[in-house]
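Below is one structure; the comments refer to it alone.
The values are calculated or read from the model by the stated rules, or taken from the named source; none is laboratory data. Just so it is clear, the structure is predicted and the values come from calculations on it, not from any experiment. Positions of Cβ are generated from backbone atoms using ideal geometry, with glycine treated the same way; all protein chains shown enter the neighbour counts.
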Amino acid sequence: MSKQSNNPAERQAEGYDIPAVESWIEQNISGLLPPFEWKRLEGGHSNLTYLLSDKNNKKVVVRRPPKGTLLPKAHDMSREWALISGLGPVGFPVPKAFGICHNMDITGAIFYVMGFSDGRALTTAQETSEWVPLDRREILANSFIDTLADLHALDPDEIGLGSLSKKEDYIGRQVKSWYRSWLSSIEPAKYDDPRAHELKEYIIENAPAQGTARVVHGDYGFHNCLVGAESTISAVLDWEISTLGDPLADLAYTLKSWPETVEDIAASPAAPTSAGGFPARSSLASRYAERTNLRVNKLDFYIGFNHWKSAAIVHGVYARYLEGKKSTKGIDLEELRARITMSLDAAVVAIDRYNTNTSF
């Protein structure tokens, strides 16, 4: 990105009153000397995220929700702040928490300032090939799954996160929420599938008993991690949908699209895990089990649940596009609709695998 001018009249950042934010930072965070150079960082669920560099080239990141009307509980900056504030002091790899501003008068939304972490998120096989040497991809995979296992080893009460949400019946809570979304989206989407209802009933009736609640990231993948120069996880990002719940459901979300066979790789050749050199899904599951002492023999049930949940999420997005609530510019609606069916297909396959006791 090109360097921005430090002339106050020329500097712009979407969603931010730059002078007001810089004044707040100067008054509330020591060691930073505005004016800053502002650079937009893409990604992060459309939250408005900027890299700020001060006169001494000290770097921090500022983050706020997108502008406009938001869905309830979406883009929760206070939740993200609570997570990185609780996890950082116990050594979990998150950016350092510097300060949060709840005063909406400053720039129209809650925003927070966190440290800058070196590394690169991976969203495609090409990015993996460019950033991670072939002989270090097993190291990366092990670091990736170990990091999730380390998160699930933490007691939320001991790190000040015990009141983040309800702890019990994670699967039930998720099914109730996303089934409500499916039902409300049927008419605007002009799309229904009996398997969505059948799977919902199956999941509720067959959910394994939940063990001890842990912090679940909810969207843990290479796209929400920074991979450092040594091919290990340097930071975990985007905690806005994190909650307390069943760690095995979180593991299954992470591994549901991780390839087990060459056929899996061929089915998603552009995925960051399809670049070659990574261990299979079952290997990572076994490593996780050894590190956490949790049994993963029912993982396919949780994988099926997560594919069903993904179908409901995409169904809701598709409905909002058809209602005109989101711009369809550059959006392939047919591909989006196909993803709903593909997710339900994958859910059925995982549940069938679970029922025939072929899960690892």
Looking at region 233-243, is at least one residue of a type in the set (G, A, S), modelled with pLDDT under 95 and closer than 24 Å to L134 by Cβ?
-> no
Going through region 212-234 in order, the residues found to be over 15 Å from the mean Cα position of the chain (by Cα), of a type in the set (G, A, S) and under 17 Å from A252 (Cβ atoms) are A213
The correct count of residues that are hydroxyl-bearing (S, T, Y) and modelled with pLDDT under 95 in region 78-104 is 1
Residues in region 102-146 that are assigned to a strand (DSSP E or B) and charged (D, E, K, R) total 1
For region 322-331, indicate whether the set of residues that are assigned to a loop (DSSP other than H, G, I, E, B) and touching a residue at least 40 places away in the same chain (Cβ under 8 Å) is non-empty.
-> yes
With respect to P95, determine if the residue is assigned to a loop (DSSP other than H, G, I, E, B) and either touching a helix residue (DSSP H, G or I) at 6+ places or on another chain (Cβ under 7 Å) or more than 27 Å from I18 (Cβ to Cβ) (or both).
yes
Over region 224-273, the set of residues of a type in the set (S, T, N, Q) and touching a Cys at 6+ places or on another chain (Cβ under 9 Å) is S234
- Message: One residue is enough: does region 257-271 have a residue meeting the conditions closer than 19 Å to L140 by Cα and outside any loop (DSSP other than H, G, I, E, B)?
- Response: yes
If you go through Y202, Y191, the only one that is more than 24 Å from the chain's Cα centre (by Cα), within 30 Å of A319 (Cβ to Cβ), not in a helix (DSSP H, G or I) and not assigned by TED's automatic domain parsing to the domain that holds R64 is Y191
Reported set for region 326-340 where residues are loosely packed, with under 12 Cβ neighbours inside 10 Å and of a type in the set (A, V, I, L, M) is L333
Scanning region 100-115 residue by residue, those crowded, with 16+ Cβ neighbours inside 10 Å and farther than 12 Å from E80 by Cα turn out to be C101, I106, T107, A109, G115
So, first residue outside the structural domain of P95 (by TED's automatic domain parsing) and in contact (Cβ under 8 Å) with a residue 12 or more places away in the chain in region 226-237, second residue hydroxyl-bearing (S, T, Y) and not in a strand (DSSP E or B), Cβ within less than 7 Å, six or more apart or across chains; the pairs are L226/S117; T232/S143; I233/S143; I233/T147; S234/S117; A235/S117; V236/T147
* Asked: Does region 66-77 contain any residue that is of a type in the set (S, T, Y), outside the structural domain of L148 (by TED's automatic domain parsing), at pLDDT below 95 and farther than 24 Å from E22 by Cβ?
  -> yes
Across region 234-249, the tally of residues that are among the β-branched types (V, I, T) and farther than 15 Å from D76 by Cα stands at 1
